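Below is one structure, written out as C-alpha cells; comments come after it.
The numbers here are math on the coordinates, done by the rules we state, and not lab data. Just so we're clear, the structure is a prediction, and the values are computed from it rather than from any experiment. Quick reminder, even Gly has a Cβ in these numbers, built from the backbone with ideal geometry, and neighbours come from all protein chains shown.
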Amino acid sequence: MGFGAMRITGEGIWGEPDDPAAAKELLRRVVDAGVNLIDTADSYGPEVSESLIAEALAPYPDGVAIATKGGLERSGPGAWERNCRPDRLKRCCDDSLRRLRLERIDLYQLHTVDPEVPIEDSVGALAELQQAGKIKHIGLCNVGRRELARAQEIAPIVSIQNRYNLGDRDSEPVLERCQEEGLGFLPWFPLGSGDLARPGGALDEVARAHDATPGQVALAWLLQHSPVTLPIPGTSSIAHLEENLQAAELELSDDDMASLDGLAQGT
C-alpha cells in the first residue's frame, strides 16, 4: 500500500494541521514502515501537504516515490475548482518541484478533467514537462475509459486514480481497462464502506472471523480484488496508519471474497 497525504493538512484540507510536528513524525513513520509511495497534490492545503513532505523527508530515501497532482484550485476550506489550462499546469509542476525539493517528480497526475479544456491539451502540457525531464511518469485522476483513451493518444499513461472502494464500484470498467493494459490503479477513498460496515452485515462478519476491523477488510479486499490495485489510505494518526498497514497481511479466502464481491454489487 501507498500513503495518501491529504489528511495531514488542516480541516477542510485547508491550511496547516493543528500539529505540524506530529504530521512530520507521521510521514517519517510512513517511510520507516516500508511504504515507498506517497501521494499528494498541490491543492492539499493548498501547498501544505507538499511542503510538509519535503520538510519531513527530503532528501528522500532511496526507493521512495513521490506522486503529486495539478489541476485544481482552492478558494477556501472544502472548495475545489478545476483549472487544467496547459500554462497553469506547467507553473503548478514547477511550484511542486520547488516545494517538494525534487529535480524530477516520479508520478505527476492530472487531478481532474477540466470541461473548459480538452484533455488532449492538458495531457499535452504534461508530455512537454516529461520531455523536459521534470516528471518521470504521467497519471490521470477521475477519468473514464474514453478520457483515458484520448489521453493515451497524446502520451503514455502509467496509472489511474479514481474513487473506488468496497461500496462504490462505479470505476470498475476503468479498473478492468487498467488490468488489460497493465496500468496502476490507485483507488482514492479506499476505506469507504458506509452502511456496508453495519453490525451483523457481511463485512462485519468477515472482519470478526479474521479478528480485524471492517476498514482492514475493505483494504484487504482491494488488494486481492485486482493485481494492479494500489490503495493509498490516508490518515493523520500513526496508530491508524499502522492499523491500515496490517491489512496487507490479511488473507481473505475465496468464500470471503465472493461474499464481499456480492455485497459490493448489492447482490
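Look at the dipole of the stretch 3-157 built from charges on Cβ: of Gln131, Ala58, Thr40, the Cα furthest out on the positive end belongs to Gln131. Look at the dipole of the chain built from charges on Cβ: of Leu102, Gly15, Gln216, the Cα furthest out on the positive end belongs to Leu102. Ratio of Rg to Rh for the stretch 221-267: 1.03 [Cα atoms; Kirkwood radius as inverse mean 1/r over pairs].
Using C-alpha pairs below 8 Å separated by at least 6 residues, the relative contact order for the stretch 3-157 is 19 percent.
Karplus couplings for the stretch 247-262 from phi (6.51 cos²θ - 1.76 cosθ + 1.60, θ = phi - 60°), rounded to Hz, Gly and Pro as x? For the stretch 247-262, the Karplus-derived couplings read 4, 5, 8, 7, 10, 8, 6, 4, 5, 4, 5, 5, 5, 6, 4, x Hz, x marking Gly and Pro. For the stretch 143-148, the Karplus equation 6.51 cos²θ - 1.76 cosθ + 1.60, evaluated at θ = phi - 60°, returns couplings of 10, x, 5, 5, 5, 4 Hz by residue, with Gly and Pro reported as x. Applied to the stretch 227-239, the Karplus parametrisation 6.51 cos²θ - 1.76 cosθ + 1.60 on θ = phi - 60° returns per-residue 3J(HN,Hα) values of x, 9, 7, 10, x, 10, x, x, 6, 10, 10, 5, 4 Hz, with x for Gly and Pro. Its Kirkwood hydrodynamic radius, worked out from the mean inverse distance over all distinct Cα pairs, puts the chain at 19.0 Å. For the chain, the number of Lys pairs with C-alpha atoms closer than 17 Å, counting only pairs eight or more positions apart or on separate chains, is 5.
Using only the Cα atoms, work out Rg/Rh for the stretch 3-157, with Rh taken as the Kirkwood radius, to two decimals. Rg/Rh: 0.97. In terms of modelled amide H atoms, which long-range or inter-chain residues lie less than 5 Å from the amide H of Ile105? Sorted by chain and number, the residues that satisfy this are Ile135, Lys136.
Dividing the mean sequence gap of close Cα pairs (under 8 Å, 6+ apart) by how many residues the chain holds gives a relative contact order of 16 percent. Modelled this way, with points 7 Å down the Cα-to-C-beta line, the labels at Ala239 and Glu103 are 4.3 nm from one another. Computed on the stretch 56-131, with alpha-carbon pairs under 8 angstrom and 6+ residues apart, the relative contact order is 38 percent. Proximity of backbone amide H atoms, modeled 1.01 Å from N, is registered between Tyr164 and Trp188 at under 5 Å, excluding neighbours fewer than 5 places apart on the same chain. Considering only C-alpha atoms, what is the centroid distance from the stretch 221-267 to the stretch 73-122, in Å? What the calculation gives is 30 Å, centre to centre. Simple rule: put +1 on each Lys or Arg Cβ and -1 on each Asp or Glu Cβ in the stretch 3-157, find the dipole, and look at Cys92, Ile154, Thr68; the Cα lying farthest toward the positive end is Ile154.
Distances between placed amide hydrogens fall under 5 Å for Trp14 paired with no residue 5 or more residues away or on another chain. In a simple Cβ point-charge model (Lys, Arg +1; Asp, Glu -1; nothing else charged), the stretch 3-157 has a dipole of about 300 debye relative to its Cα centre. Simple point charges give the picture: +1 on the Cβ of Lys and Arg, -1 on the Cβ of Asp and Glu, and for the chain a dipole about the Cα centre of about 800 debye.
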